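Notes for the one structure printed next.
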Amino acid sequence: MIEVTQKEQRFKLIEDALKVVIEPLQKIVASDDLGFSIESLNKFQTLKVKTKSNYEYFSFLADTMIDIYKNSTDDSFWQIYKPAFLQAQLETGLDFKEKYEHKHIDNAIQNAFYFFFGLYAILPKIYQNTFNRELDDETFKKLIINSNKFAKTMSIIHFDMFRSFLNSSSQTKSGVATQLHMFSPDTFVISEDLEISMSQLALARAKAHTKRLLDEGKAFIDKENPTLGCPAKFVKLDADRDLIDLIHEWVLMVMDQYIFES
């Protein structure tokens, strides 16, 4: 009989609870305003007058989408997740720490949007450095479409490795999401066919950071702490699409409507 670790139990509980966020997110994606209130749109227009900074634009969009996501899905998610976790606590001894669980789930939600928009904020500079020309909107859109494939690749790595990647390559120096990640330009590579990948330098930094955490007893990658990846990857919309695809579709539509519209 295969023994299921506590992390695997918890992962499955999150995965099951995430199924309830699909319908509200699909409604947002299908709406004309993509969930943005008139107040948010007015703030964004004011921001665009004040600055030409992609980082400021994308930080605003990420923060706004996080709020929309949480306001639309939090209640439904926790109505399923907390009772299921408490039941597992009675049956298997799984330890429910409410403050930790809320912080962990919030960080996961934030990282999804901060990763996408943090990547987009640095893509123009990477493209300029790679191809010695400015990034036009049409090519930018192609890169954003292709970013979903890269996000899927990142979604299967161990959490502690992902945390080390963020700590070592984001200038925010935060392994968990507190603000939009400000990635170093040498973090990602753009190929001739516009595929995005992690650079060898960024991979080496992440490995070194993970090793230091392991040596200090601050990271755990073993049988009790297996590589599970992101639960959203296993929440299926249909045979070909999952929750990551839905979030990326929303992000792509927001970029198309509010960044490329002018």
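Since every read-out is calculated from the coordinates, none of them should be taken as a lab result. From a predicted model like this one, the values you see are computed outputs, not experimental measurements. Neighbour counts are summed over all protein chains in view; Cβ atoms, including those assigned to glycine, are modelled from backbone coordinates with ideal geometry.
Within the chain, which DSSP H helices have Cα atoms that stretch 20 Å or more along the helix axis and a mean Kyte-Doolittle hydropathy of at least -0.5? Walk me through the numbers on the way to the answer.
Values: long enough: 54-92 (49 Å, -0.39); 98-131 (49 Å, -0.26); 137-154 (25 Å, -0.54); 200-215 (22 Å, -0.33); 243-258 (22 Å, 0.83).
Membrane-span-like by this criterion, though nothing is claimed about a membrane: 54-92, 98-131, 200-215, 243-258.
Taking square-rooted eigenvalues a ≥ b ≥ c of the alpha carbon gyration tensor, is the chain rounded, prolate or oblate, where a/c under 1.5 means rounded and, failing that, a/b exceeding b/c means prolate? Note, shape of the chain comes out oblate.
Holding the Cα-Cα limit at 23 Å, pick out from 7/27; 19/233; 27/103 the pairs that are longer than that. Present the calculation step by step, with values, prior to reporting the outcome.
On the way: 7/27 32 Å; 19/233 11 Å; 27/103 26 Å.
Beyond 23 Å between Cα atoms: 7/27; 27/103.
Cβ-Cβ distance of residue 86 and residue 236, R₀ of 30 Å, FRET efficiency by 1/(1 + (r/R0)^6): the value works out to about 0.70.
Fully extending the segment from residue 8 to residue 171, taken as 0.36 nm per residue of separation minus the present Cα-Cα distance, adds 55.5 nm. Of the residues 40, 53, the one with the fewest other Cβ atoms within 10 Å heads the list, and the complete ranking is 53, 40. Along the axis of the charge dipole computed for the chain (Cβ charges of +1 for Lys and Arg, -1 for Asp and Glu, origin at the Cα centre), the listed residues 65, 252, 117 are led at the positive end by 117.
Note on residue 74 and residue 212: the model spin-label points, each 7 Å out from Cα along the C-beta direction, lie 3.4 nm apart.
Between 152, 52, 27, where does the largest GNM mean-square fluctuation fall for the chain, given springs only between Cα atoms within less than 10 Å? Maximum among the listed residues: 52. Among 206, 129, 239, whose Cα sits farthest toward the positive end of the charge dipole of the chain (+1 at Cβ of Lys/Arg, -1 at Cβ of Asp/Glu, about the Cα centre)? Final value for the positive-end residue is 206.
Label positions at residue 42 and residue 142, each projected 7 Å from the Cα along the C-beta direction, are separated by 4.0 nm.
Springs join every pair of Cα atoms under 10 Å in this Gaussian network model of the chain, and among 92, 187, 153 the largest mean-square fluctuation is at 92.
In debye, nearest 20: dipole of the chain around its Cα centre with unit charges on the Cβ of K, R (+) and D, E (-)? Write down the numbers at each step before the final one.
Details: 31 positive and 38 negative charges, 167 e Å.
Computed charge dipole of the chain: roughly 800 debye.
Which residues in region 243-262 place their backbone N less than 15 Å from a point set 7 Å from the Cα of residue 33 along the Cα-to-Cβ direction? Under cut-off, by backbone N: 258.
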